[in-house]
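Only one structure is covered here, and it is reproduced in the block below.
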Amino acid sequence: MMRQSSGSAFLFERKHMQYATITGWGKCVPPATLTNDDLSTFIETSDEWIKSRTGISQRHISHVNTSALASVAAQHALAAAGIEGSELDMIILATASPDTLIPNIASTVQADVGATCAAFDINAACSGFLYGIGLASSQIKSGQCKKVLVIGAERLSFYLDWARRDTAVLFGDGAGAVVLEATNEAIGVLGYELSNDPAGRDILKSQFGTAMDRFEASSLDFYIEFNGQEIFKRAIAGMSKLSTKVLEKCEISKDDIDLVIPHQANERIIDTLINRMKIPKEKAFINIANYGNTSAATIPIAICDALEQGKIKPGQTILSCAFGAGLTSAAALIKWGDRVTPIKQSDADLPPCDKTGIELVSKAVKHFCG
């Protein structure tokens with residue numbers, strides 16, 4: 001019996017390789033907003049101060065749990081792909097603010113969409129969605145899965161000490177989701193890189209978990225805390241390094257990038273990153289003004305907005321990168337397919353909200369601000 005040469009085997013493998021392409025997308029942002037002017041009513045700040053330093057004008061405040069945001073985004077993504085939840089082989093939900101730690105909230109989404117498959121949460125903070133994209137792509141390329149739902153969902157308002165201006169102005173709530181499907185075409189996720197810098201583990205954190213003394217009332221005063229200057233420096237270094245690495249691995253020049261969809265943490269960080277990589281700023285998609293930093297949800301929400309605005313076109317090469325607590329970092333190179341409009345529309349929506357953003361945070365503001 002003739003044995004196939006290693007070269008022939010490689011060509012056979014390339015010819016029959018499975019790629020993971022995005023076929024569906026959806027987002028969910030709660031209706032209540034908290035503007036910069038709203039924030040100035042209870043902390044010392046102003047619209048000009050916040051906008052000039054971050055690019056943020058408002059953020060959304062959720063009246064429901066993180067899983068509810070995730071489920072609505074998921075249902076829109078499934079409809080856009082033209083598939084049912086029962087067709088999914090896996091659900092990966094990236095979040096640092098789940099409703100419950102036990103059980104995971106991917107199982108809640110699974111029940112809501114009618115799926116019978118593997119379902120789990122991952123916590124890579126703001127890089128979580130791209131971590132999920134990498135895991136989903138690998139599952140599809142290995143042949144283990146054909147259809148994977150990846151969600152980024154956060155309710156970061158839960159973690160905020162509203163008296164701390166440095167964090168109170170930055171974060172918001174929301175969710176975004178995509179469906180990845182197997183294809184023989186060389187489109188979709190061309191490559192990805194994931195990393196973590198443990199030396200920066202303590203410069204962005206919230207002391208919530210089993211290290212808390214559950215019998216000490218003061219332990220309930222957990223909140224997000226960070227070193228802004230260190231994060232700025234390490235974020236740019238991490239994202240630019242991994243972006244360069246994934247471009248080199250895929251043998252694609254930065255000049256061939258049509259669109260950059262970065263994590264929406266701070267417009268200054270995005271500007272510095274794009275400038276360092278020598279990519280024209282007009283190629284960067286920025287929507288932070290409307291949402292603030294929604295952590296793992298920023299990139300899938302941005303994908304949805306970019307599609308709605310006609311910024312993503314068939315066949316484009318898209319670079320996406322992120323950084324987050326850990327300090328995690330991630331980059332992915334995506335070749336968009338032919339379709340930029342949903343196959344179907346979903347009527348999934350959140351329950352009505354009868355409160356303003358200020359009213360939703362009023363209890364927490366009273367607790368932290370007095």
Requiring at least 2 residues that are of a type outside the set (Lys, Arg) and over 30 Å from Lys141 (Cβ atoms), the helices (runs of 4 or more DSSP H) wholly within the stretch 13-90 are 36-39, 47-54
Residues in the stretch 250-260 that are over 23 Å from the mean Cα position of the chain (by Cα) and either farther than 20 Å from Phe285 by Cβ or part of a helix (DSSP H, G or I) (or both) total 3
Note on the stretch 261-278: residues of a type in the set (S, T, N, Q), open to solvent by 50 Å² or more (accessible area, probe 1.4 Å) and not in a helix (DSSP H, G or I) are none
Residues of the stretch 250-303 being charged (D, E, K, R) and within 30 Å of Arg165 (Cα to Cα), in sequence order, are Glu267, Arg268, Asp271, Arg276, Lys281
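Got at least one residue in the stretch 68-78 being surrounded by fewer than 24 Cβ atoms within 10 Å (Cβ to Cβ), more than 29 Å from Gly238 (Cα to Cα) and either in contact with a His (Cβ under 6 Å, 6 or more places away or on another chain) or not charged (D, E, K, R) (or both)?
yes
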Quick count over the stretch 186-220, residues being open to solvent by 50 Å² or more (accessible area, probe 1.4 Å) and either without any contact (Cβ under 8 Å) to a residue 40 or more places away in the chain or over 30 Å from Lys141 (Cα atoms) (or both), is 15
Expected output for the stretch 57-78 (first residue closer than 13 Å to Ala106 by Cα, partner among the β-branched types (Val, Ile, Thr) and outside any helix (DSSP H, G or I), Cβ below 6 Å, 6+ apart or cross-chain) is Thr66/Thr95; Ser67/Ile105; Ala70/Ile151; Ala74/Ile151
Selection from the stretch 186-219 of residues in a strand (DSSP E or B), among the small types (Gly, Ala, Ser) and under 16 Å from Ser127 (Cα atoms) yields Gly191, Ser195
Is it true that Ser240 is more than 15 Å from the chain's Cα centre (by Cα), farther than 30 Å from Leu78 by Cβ and surrounded by fewer than 17 Cβ atoms within 10 Å (Cβ to Cβ)? no
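The values are calculated or read from the model by the stated rules, or taken from the named source; none is laboratory data. Quantities reported herein were computed from a predicted structural model and do not represent experimental measurements. Cβ coordinates were reconstructed from backbone atoms using ideal geometry, including for glycine residues, and neighbour counts include every protein chain displayed. Note: accessible area is taken over every heavy atom of the protein model, side chains too, but ligands, DNA and RNA are not part of it. Shrake-Rupley method; radii C 1.70, N 1.55, O 1.52, S 1.80 Å.
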